[in-house]
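These notes are about the structure you will find just below.
The values are calculated or read from the model by the stated rules, or taken from the named source; none is laboratory data. No experiment lies behind these values; they were computed from the predicted model shown. Neighbour counts run over all protein chains shown; Cβ positions are idealised from the backbone, glycine included. With ligands, DNA and RNA removed, areas are computed over all heavy atoms of the protein, side chains included. Shrake-Rupley method; radii C 1.70, N 1.55, O 1.52, S 1.80 Å.
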Amino acid sequence: MKHLSFFRFLLFLLLLAFSGCSVLRSAPAMLTSFLPKRDLVKEDRERAPFHGYWVYDAKGYEQLRHDYKKIYVAPIDISNVVHQYEKRFGNPERREDRIGEAEELAQYFQQKLILELQSDRGKFLEVVDTPGPETLSLRLALTHIVPTSPGVNIIGTVAGFLVPGGGLVKLAGEGSIAMEGYVTEEPSPLFPLEQFNDREGQKVSAFSLKDYQLYAHIRLAIDEWAMQLTELLSTPAEQTIEDSDLLSLDPL
């Protein structure tokens with residue numbers, strides 16, 4: 001096992017040199033007004049694999065989840081992304097295309113969460129169609145979406161072979177996505193029991209077809225968030241939810 005970890009570490013360093021990717025994870029996104037108490041959210045890697053996390057009463061909240069056993073997953077909010085696109089894109093057709101793509105990502109995120117919560121990973125929580133008494137509500141927003149730029153990544157890949165350090169060009173083509181979320185209960189929907197935020201970019205890899213697709217990396221980040229959030233909602237307060245791996249060996 002130690003030999004495998006050492007091999008992965010060496011491969012990680014080689015991929016960094018090859019691709020020009022940063023050693024660091026994506027920087028946190030600026031928090032928005034979506035979180036009811038955003039000033040309380042801080043990094044807490046002992047519990048959550050996110051840039052920010054906060055819980056009102058860890059043990060009390062854990063007991064509440066066991067007592068209620070029901071959760072409503074609200075449609076994912078994209079109002080901040082829409083506002084950004086309205087300012088960024090002067091061309092109405094391109095703006096509407098990007099907004100439509102963001103809506104599809106939001107629907108994908110909601111469905112992935114529901115599927116994860118309904119799987120064995122979700123354990124004791126039942127997903128319900130409407131919020132109500134003795135039901136937790138999971139409310140999420142996508143606050144930042146930058147699609148991967150396939151054209152820039154093609155140039156960066158070629159430059160990486162021909163020019164020392166040319167792979168740095170790929171940095172300009174990397175996509176990223178940010179989310180914020182909180183759990184609440186009726187009849188006080190704006191009093192959060194738990195809050196979190198995170199931002200993810202592309203994984204380090206020598207070659208991946210995801211580098212040449214607009215939303216492949218972003219969908220992978222959403223998949224991992226869905227699993228992590230489900231574990232967060234289904235595990236004891238003292239359990240650490242592990243972060244995803246920066247290194248990807250999957251060419252697809």
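With each label modelled as a point 7 angstrom along the Cα→C-beta vector, the ASP97-SER33 pair spans 3.2 nm.
Pairs with C-alpha atoms separated by more than 25 Å, drawn from the list LYS59/LYS112; LYS37/LYS59; LYS69/LYS112; LYS42/LYS70, are LYS59/LYS112; LYS42/LYS70. Accessible area per residue for region 15-147 is 55 Å², calculated with a 1.4 Å probe on protein heavy atoms, without ligands, DNA or RNA. When you filter the chymotrypsin sites (Phe, Trp or Tyr not before Pro) in region 61-135 for DSSP loop state and at most 12 other Cβ atoms inside 10 Å of their Cβ, you are left with PHE124.
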